[in-house]
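S.K.: Provided herewith is a single structure, encoded as structure tokens, for subsequent inquiry.
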Amino acid sequence: MYKIATLNKISSKGLERFSDRYTVSDNTSDAQGILLRSQDMHSMALPESLLAIARAGAGVNNIPVDACSKKGIVVFNTPGANANAVKELVLTGILMSARNVSSAIAWTKTLTEDISKTVEKNKSQFAGHEIKGKVLGVVGLGAIGVMVANAAESLGMHVIGYDPYMSIQSAHELSRTVEVSESLDLLLPKCDYITIHVPFMENTKELINEKRFSLMKDGVCLLNFSRDQIVSEADILNALETGKVRKYVTDFPSEKFLCNDKAICIPHLGASTKESEENCARMAVDQMMDYLENGNITNSVNFPNCSLGISTSMNRIAVLNKNVPAMLGKITGILADMNINISDLNNRSKGELAYTLIDIDSEVDEVALKQALNVNGIISVRVI
Ligand SMILES: NC(=O)c1ccc[n+]([C@@H]2O[C@H](COP(=O)([O-])OP(=O)(O)OC[C@H]3O[C@@H](n4cnc5c(N)ncnc54)[C@H](O)[C@@H]3O)[C@@H](O)[C@H]2O)c1
Ligand SMILES: O=C(O)[C@H](O)COP(=O)(O)O
């Protein structure tokens, strides 16, 4: 029996995929798996029993990934599963900003009498512009950035993208007519709208700062559906004050933006559609089950993808280890010393970490195996 703990509400379309070998609750003690969305896990004690964490979504900055790697906890996310939902809200944000929709609605709601006459007399204060022909800069051409770029182009915008680490898949999916910029600083001065779609990491912290604002056109509109810390709060507030930035559309409101007329604040709704929540939950649950039952890893952010398919051998050994020379030789040598015959093996690495799946056609003493494999470089050993 596997124990799964959920830290956020996860769509039933995902949870119903767990077989009767699983119990699901919000109790993390003794859990082998944790499923979550944006709940912050940084100050949470990780139970010794924990084998995997699945983030039903894209960003993993709410999870202590480095600590998990050290403890041999595999962290999954669900790449692309909520990208369409975010794309649609980004387009909404662009259009809301172009047509002054939120301030116009707020004004309309204050009207008490003679409404149609007052509307016709005063509507010109909210006249906007069309986005057709305007230039949109897309920073980060991953799952969301590519969808936003292609969709904005189809609405008549000229799109310039920037992503120094663009994947082959993104390059393949990106419309041929999207201009790709060599650097962020070359993109910024050309844009009427700039939308950010990079993960929050040490090197994207305050990526958009005073220096970057100084490169932008006066009256630019900035959209942030990625993470608040990617845009310096002090610098965006100053840019709104001076008029450098005409509108800031953010999915991550803070107190300072709520009282700012030039900020369009959305309560982190980018991924909050039925379809996206179901997609993310299904993917997260499937990845979690495949790891717990078969040891296979798909879409982990800390360990490599590695699979031996559905486990049909007598036993499967799963070894999480450091990616250092001679590890595979050490592992197979120890198995040979224990007179264990290997029927299949897969070994993959990612950065400083590696993973080895080994099918064996004999019984194995799990305690003795773990003792024998308790050598430098091995993080954890599991017999499935
Ligand atoms: N508002 C929401 O509800 C919502 C929903 C999904 C994702 N997000 C956020 O959006 C982020 C992106 O999501 P995604 O699904 O597109 O992820 P993704 O991994 O598919 O794409 C991220 C892209 O950013 C690029 N990148 C990394 N550093 C960069 C840099 N310094 N400059 C330019 N490009 C850089 C990467 O190469 C990658 O192509 C997530 O990490 C998350 O923080 C928010
Ligand atoms: O990174 C993500 O996937 C988004 O920020 C969505 O977060 P949520 O699942 O809490 O809506």
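S.K.: Within the range 250-274, work out how many residues are open to solvent by 30 Å² or more (accessible area, probe 1.4 Å), closer than 19 Å to LEU35 by Cβ and within 13 Å of ligand 1 (Cβ to nearest atom).
M.R.: First, pick out the residues of the range 250-274 that are open to solvent by 30 Å² or more (accessible area, probe 1.4 Å): 253-256, 258-262, 265, 267-269, 272-274.
Checking the rest, the ones that are also closer than 19 Å to LEU35 by Cβ come to 268, 272-274.
Of the ones still in play, those that are also within 13 Å of ligand 1 (Cβ to nearest atom) are 268, 272-273.
Count: 3.
S.K.: A further question on this structure: When you look at ILE196, is it crowded, with 19+ Cβ neighbours inside 10 Å, in contact (Cβ under 8 Å) with a residue 40 or more places away in the chain, among the hydrophobic types (A, V, I, L, M, F, W, C) and away from ligand 2 (no atom under 16 Å from the Cβ), yes or no?
M.R.: Working: crowded, with 19+ Cβ neighbours inside 10 Å: yes; in contact (Cβ under 8 Å) with a residue 40 or more places away in the chain: yes; among the hydrophobic types (A, V, I, L, M, F, W, C): yes; away from ligand 2 (no atom under 16 Å from the Cβ): no.
Against the criterion (crowded, with 19+ Cβ neighbours inside 10 Å, in contact (Cβ under 8 Å) with a residue 40 or more places away in the chain, among the hydrophobic types (A, V, I, L, M, F, W, C) and away from ligand 2 (no atom under 16 Å from the Cβ)), ILE196 does not qualify.
S.K.: Given the structure, is SER181 surrounded by fewer than 22 Cβ atoms within 10 Å (Cβ to Cβ), within 13 Å of ligand 1 (Cβ to nearest atom) and under 25 Å from the mean Cα position of the chain (by Cα)?
M.R.: Details: surrounded by fewer than 22 Cβ atoms within 10 Å (Cβ to Cβ): yes; within 13 Å of ligand 1 (Cβ to nearest atom): yes; under 25 Å from the mean Cα position of the chain (by Cα): yes.
Judged against the criteria, SER181 is a match.
S.K.: Under the condition of being open to solvent by 40 Å² or more (accessible area, probe 1.4 Å) and in contact with a Ser or Thr (Cβ under 8 Å, 6 or more places away or on another chain), which residue from the range 120-163 is farthest from ligand 1 (Cβ to nearest atom)? Don't jump to the end; show me each part of the working.
M.R.: Quick first cut of the range 120-163, residues open to solvent by 40 Å² or more (accessible area, probe 1.4 Å) only: 120-125, 127-130, 132-134, 143, 147, 150, 153-155, 158, 162.
Imposing the further condition that a residue be in contact with a Ser or Thr (Cβ under 8 Å, 6 or more places away or on another chain) reduces the set to 143, 150, 153, 162.
On the way: ALA143: 4, ASN150: 13, GLU153: 17, TYR162: 6 Å.
Of everything passing the filter in the range 120-163, GLU153 is farthest from ligand 1 (Cβ to nearest atom).
S.K.: Still on this model: For the range 45-70, name all the residues that are part of a loop (DSSP other than H, G, I, E, B), within 16 Å of ligand 2 (Cβ to nearest atom) and more than 19 Å from ASP228 (Cα to Cα).
M.R.: Result: ALA56, single match.
S.K.: Could you say whether any residue in the range 265-287 is over 20 Å from the mean Cα position of the chain (by Cα) and under 30 Å from GLY93 (Cβ atoms)?
M.R.: Of the range 265-287, the ones over 20 Å from the mean Cα position of the chain (by Cα) are 265.
In the following step, the residues that additionally are under 30 Å from GLY93 (Cβ atoms) were identified as 265.
Taking every residue of the range 265-287 in turn, at least one turns out to be over 20 Å from the mean Cα position of the chain (by Cα) and under 30 Å from GLY93 (Cβ atoms).
S.K.: I'd like the residue in the range 164-178 that is of a type in the set (Gly, Ala, Ser) and over 27 Å from GLY219 (Cβ atoms) and, out of all such residues, is surrounded by the most Cβ atoms within 10 Å (Cβ to Cβ).
M.R.: Keep residues of the range 164-178 that are of a type in the set (Gly, Ala, Ser), which gives 167, 170-171, 175.
Okay, now just the ones that are also over 27 Å from GLY219 (Cβ atoms), so 167, 170-171.
On the way: SER167: 14, SER170: 18, ALA171: 12.
Taking the candidates together, the pick is SER170.
S.K.: Right, next: Could you tell me how many of the residues in the range 303-337 are open to solvent by less than 60 Å² (accessible area, probe 1.4 Å) and under 16 Å from GLU366 (Cα atoms)?
M.R.: Result for the range 303-337: 11.
S.K.: If you don't mind, there's one more thing I want to ask. Go through LYS247, LYS211 for me and flag whichever is surrounded by 15 or more Cβ atoms within 10 Å (Cβ to Cβ) and closer than 15 Å to ILE194 by Cβ.
M.R.: Numbers: LYS211 fails: surrounded by 15 or more Cβ atoms within 10 Å (Cβ to Cβ).
Answer to the selection: LYS247.
S.K.: Hey, another quick one. If only one of ILE160, ILE196, ILE115 is under 21 Å from ASP251 (Cα atoms) and not acidic (Asp, Glu), which one is it?
M.R.: On the way: ILE160 fails: under 21 Å from ASP251 (Cα atoms); ILE115 fails: under 21 Å from ASP251 (Cα atoms).
Only one candidate passes the filter, namely ILE196.
S.K.: Is there any pair linking a residue in the range 226-239 that is under 13 Å from ASN260 (Cβ atoms) to one that is within 16 Å of ligand 1 (Cβ to nearest atom) and of a type outside the set (Gly, Ala, Ser), with Cβ under 6 Å and at least six apart or on different chains, and which?
M.R.: ILE236/TYR248
Quick grid of which residues meet (1) free of Cβ contacts under 8 Å to residues at least 40 places away in the same chain; (2) touching a helix residue (DSSP H, G or I) at 6+ places or on another chain (Cβ under 6 Å):
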site: CYS259; (1), (2): yes, no
site: ILE266; (1), (2): no, no
site: ASN296; (1), (2): no, yes
site: ASN302; (1), (2): no, yes
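The values are calculated or read from the model by the stated rules, or taken from the named source; none is laboratory data. Being a predicted model, the structure only gives us computed values, none of them experimental. Using ideal geometry, Cβ is built from the backbone for each residue, glycine included, and neighbour counts are taken over all protein chains shown. All accessible areas refer to the heavy atoms of the entire protein, side chains included, with ligands and DNA or RNA removed. Shrake-Rupley method; radii C 1.70, N 1.55, O 1.52, S 1.80 Å.
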